[in-house]
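Okay, structure first, notes after.
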């Protein structure tokens, strides 16, 4: 009997462990916490954080392009899994754009996430002594890179909400700035680009980080400054400030040469990367999954136009929800095809646009560069402003097809009513509502 | 007043009273049960005296009584007491009846102790083995809870084999936190997670709307073998579960597995064989040439005519969902032992095929439970369980890639040819990115579990005297499992072909190791006053550890037909670790005044690594009072009133912040080979507090006519404070959501249970039970902006959290929006729910059926819309939705898209025959001549699950959830795996 008692007593220390009831405190076991970078930011950390900007600037980009492409009647998005691409975006019957549905909220959130990622890095740079890790020039270069990105990301959101405006001042998440009007927003974006430009200008010869292939040729502070000006040229055009367009173009990588020179979003099949969101293999097209080109795109084109290579002839019609077409999008030809952020073809067209009222001859010669590249002869139409505007929009339509411009161009020239309606009761939307959760 | 001493007389079994009484009359006999088996170690008492004995291993007993005639009372755990008047010294044969009520007499409510049901101040539901498996073998343990007690909403997420259920007790207990009860099996905290298999990489389900899990995984309580369970107690809310502290807000389900009975070793073998089939297929649209022309154009008409004329129109829904899945459940158990050591061991093998080819569920469960009494003051018990299960769940639910079988079917027309040719090559689907027959035949989606659950308890009587005793209880438990998920999408699939833009094959392998263990020590002190007042004091310490590590490897671009993740062009790894440590103590004092007044007060203190401050103690108090008016002597012995109890209970319990809610972090990604970290779109809060549930319940238990009629009614009101919300943040902050404590939620409800035995005779007995449950919830306080949540946005119907409204209201766009811009279209909360249980026995024939009626409660049903858009809905041309009577239903639903969500919000009421069983039992008397009479009983019968289903819901089953079990926003449907009914033939033999 005693033995048993002793044996029982042996068990007790096991349970005494209970009494020492301190509980271990865990940090986030799965992810790096933001607070980890608030002290001792090193070069490796900065590389990772900049890598995050490259990543998040591509998140839900496909939805943004589909929003612009579908409303701009460049193509329809057929998917058997989500009816809203062919209903809400096309304004089918009573459908309207919802302020809390993915097509409104997701690209908006993702762009502001990039802005937040950038603002956090700017905060890390401002709030600690990094002299041991980085030179002042490197810090300037980083700031310039980030401010340029902030300006670009804000522009994409303003493209969606247009007259509804955006918030420009979002650095303090607990004290957000107000929504500002379109013009204020465009000027605010220019201000980001301007500070970015001056930081890049004093940014030395190297970024303290590497960039993806899409930035090749523009991966130093000096060359990235040209990208900054290219974006500023686009913004100035949206403001109708054509003298600013020309001066920014002058400082950008604009040339009458290689149309594809520029900066690009890269994609890959790596598991933590994103594949090109606009690519669907044409051969795999079905009514359940396709980007079907709005038929007028081919019908309106010159048959010799090389840019018709951006669409693929299926031979048979695809039909969904009362929409039919036999061409599908072929602008991007693989899961890792890159998507331009801004490229020289757009800059040439901006150059043509900025000269319409002042130097129509320059406009025509710039347009002819575009036409020649597309295998077309020189422009032979009238050179009054209205005709040149028509021709400009026509060239923009084919040159920048499926790059997110058509809808925005027709809107800024007040021509949304010229976009084709494919079903009775469809609408062309001017702008997206402000997302519900902005509480406006 | 009943003789309560009897209840305690089983103690005599442990304490051998030497019978040193002067020899007067020696009586002997044996004790049998109603199955003709002997009952060992039963108590035999001479009524009115303390003279007693127990029967031996063979049920034989001897007792000396002072004089004749004498009345002997017989009792044993699990049997109703019986009395016998003895007038002579001839051998006696006493019989004891097995009794469900007798089993219910004790309810386990505390960590260390139990309480007599008649003294319980809470409405604790107890479910016996008979109720769990007696009518029909349930598919999973949680599947056996439907309709059996008031206060629970049990809902299957889909019909995929292998489970996937949610159990919600007393309404909405949390919006973002855990809503599933805590399961404790023989003292072991058992994990009930649903771990996703990573199918999103193919389905892209999270791409178009919600980021919630739509992989449709099973939940791990499905591993537990229902046949092993002796009883199950359901503590529905904080008032009963406060002693479980910070994990108990969603309720606690305490499961006790079968223990060995001393005596002759008993064997049971049972075999159930049958099939499963879809309860409801929708059928094909009624196509005509004109309709085909209108919807699909001229080319399709030619295809339609040629297929029709050559008889090649195929009902693909039936082709995919029309299988009869074979079911086999084999169970073998044995139990026995002596007065020192008892054991129960069971082995079960389930093999079930689903209604879709290639789906199925296989499970093997082995159990050994041993109880050992080392000395008269120390006993140990050990329960151990090994489980292997494998579930093939197919590829269903929402997607954004047209790849799941359900979505593919929506685009399939009867004249499409999807069958493989003679070389086994599947044609590409003409209208969709995947061929559902090819997907069904080639895709693997398997979950495999190896699980070990072991628990041990030691009871040490430190001190014992006539009026007081002190007991130490030590308990430890371990739940360890390895879960493998394997999803393989081979490269020959239509949507994996490179030429179709596919990834050239995808393999997703997940491996999860989960280890929970818990340790606890309790001291229980009983002290009785001579007047009959009893004080029970308990104190204890508990410690729980949880550790889970999931590694999910996703490989695309597979080499040849390899499925290894290294034989691939691209491989990605995702690791998720979850660790938690909890530590707590509790003290409780229970005062029982002659069974008339039973009062309990207690407090639990808990700390956890899951709280913002890991070492801060959170306290959860409780108090309760039960008043047994029938014990006060108002009624005489022969009154019709057997019980009249009034009870009230209050308690608090917690619910931890969701995992990771404390942190604001980055996640790692890459861009063309460059690593980067980008913010996770949810902002955490380091100071987040646990949710606190406060529940007050009161009620009454009545019974009349020798307990042939009993009624129990409970009203409860529970509030959840510090509600943890993943509230929308202005997205321009860079975050979409933030975790905050920002509100309160209230649930009020009524539970009524009525049990009656309208007829009872030797040959015929009818038992009837009905239960009723109604709950309403309201967001009583909300300190953030109202927000929409769940489902797919307001266009299609979504949930909305708004002060003053039900927590589960469904809103959407509509013609008459309220001031918030939305119109309320429904509520997921049912108006009420009822269960009806009938059991009819005629001689050896028994018929039982269980009906469940859910009235009201709405779903967001998007399956119909997806078929409408493809022109394939079964009711496309029926005209009963359009108020103007113009448009067919298909066209009408599509026309509503973007203008009103009304048509997508559907009433999900149903009435079902959940269980039905018809059995014939051959007892030992009838089997006397066979095998020398060694067979005690044979039971044969037929049973079924969900055999009759009545609902007016436009899909397979109103019981569905695209987003799995957790959260309260579950009734959303997107082309699920259809649910099924089961037919089983059962054979069981005891020997």
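Segment B:864-895 and segment B:613-627 have Cα centres lying 55 Å from one another. Pick out which of A:203, A:334, A:404 has the largest mean-square fluctuation in a Gaussian network model of chain A, springs linking Cα atoms closer than 10 Å. It is A:334. Anisotropy class assigned to segment B:803-910 is oblate, per the alpha carbon gyration tensor with a/c at or over the 1.5 cut-off and a/b no larger than b/c.
Using every pair of distinct Cα positions in the protein assembly as shown, the Kirkwood expression returns a hydrodynamic radius of 35.1 angstrom. Separation of segment B:169-199 and segment A:90-121, taken as the distance between their Cα centroids, equals 33 angstrom. Residues B:517, B:189, arranged from fewest to most other Cβ atoms within 10 angstrom of their Cβ, appear as B:517, B:189.
Relative to the longest principal axis of the Cα atoms of chain A, the long axis of helix A:102-126 makes an angle of roughly 60 degrees. Rounded to the nearest 10 degrees, the angle from helix A:182-201 to the longest Cα principal axis of chain A is 70 degrees.
How would you rank B:348, A:79, going from fewest to most other Cβ atoms within 10 Å of each one's own Cβ?
In order of increasing Cβ crowding within 10 Å: B:348, A:79.
Gyration tensor analysis over the Cα atoms of segment B:433-584 returns equivalent ellipsoid semi-axes of 58, 15, 11 Å (largest first, whole Å). With coordinates expressed along the principal axes, the C-alpha atoms belonging to chain A extend over 112, 54, 39 Å, beginning with the largest. Fully extending the segment from residue B:940 to residue B:845, taken as 0.36 nm per residue of separation minus the present Cα-Cα distance, adds 33.2 nm. Once both labels are positioned 7 Å from their Cα atoms along Cα-to-Cβ, the gap between residue A:247 and residue B:266 label points is 9.7 nm. Could you work out the relative contact order of segment A:282-329, using alpha carbon pairs under 8 angstrom and six or more residues apart, expressed as a whole percent? Once normalised by length, the contact order is 49 percent. Using every pair of separate Cα atoms, the Kirkwood estimate puts the hydrodynamic radius of segment B:836-991 at 19.0 angstrom. Only Cα sites of segment A:282-329 enter the Debye sum here, all with the same form factor; the resulting log10 I(q)/I(0) across q = 0.23, 0.33 1/Å is -0.78, -1.34, listed in q order. With a simple spin-label model that places each label point 7 Å from the Cα along the Cα-to-Cβ direction, the separation between residue B:686 and residue B:765 comes to 6.4 nm. Taking the C-alpha atoms only, the angle from helix B:298-309 to the longest principal axis of chain B is near 50 degrees. Extension gain, residue B:289 to residue B:780, is 171.1 nm, computed as 0.36 nm per intervening residue step minus the present C-alpha separation.
Highest GNM mean-square fluctuation among A:74, A:269, A:345, for chain A modelled with Cα contacts below 10 Å: A:269. Shielding of peptide A:166-178 by partners, expressed as the average count of other chain Cβ atoms within 10 Å per residue Cβ, is 2.
Taking the Kirkwood radius as Rh and the Cα radius of gyration as Rg, segment B:261-374 has a ratio of Rg/Rh equal to 1.42.
Roughly how many Å is it from the Cα centre of segment A:423-437 to that of segment B:691-730, as a whole number? So the separation of the two Cα centres works out to 46 Å. In plain terms, the C-alpha convex hull of segment B:349-459 casts an average shadow of 10.2 nm² when viewed from every direction. Panel order for B:913, B:32, B:26, by other beta carbons found within 10 Å of each beta carbon, from fewest to most: B:26, B:32, B:913. Taking every pair of alpha-carbon atoms in chain B, give the share separated by more than 44 Å as a whole percent. Pairs farther apart than 44 Å: 36 percent. Across chain B, the mean sequence separation of Cα contacts (distance under 8 Å, 6 or more residues apart), normalised by length, yields a relative contact order of 12 percent. With 0.36 nm allotted per residue and the present C-alpha distance subtracted, the residue B:448-residue B:85 stretch has 124.8 nm of extension available. Computed over the alpha carbons of segment A:57-164, Rg followed by Dmax gives 18.4, 63 Å.
Here, each number is a calculation from the coordinates, and none is a lab measurement. Everything numeric in this text was worked out from a predicted model, so none of it was measured. Every residue, glycine among them, receives a Cβ derived from its backbone with ideal geometry; neighbour counts consider all protein chains shown.
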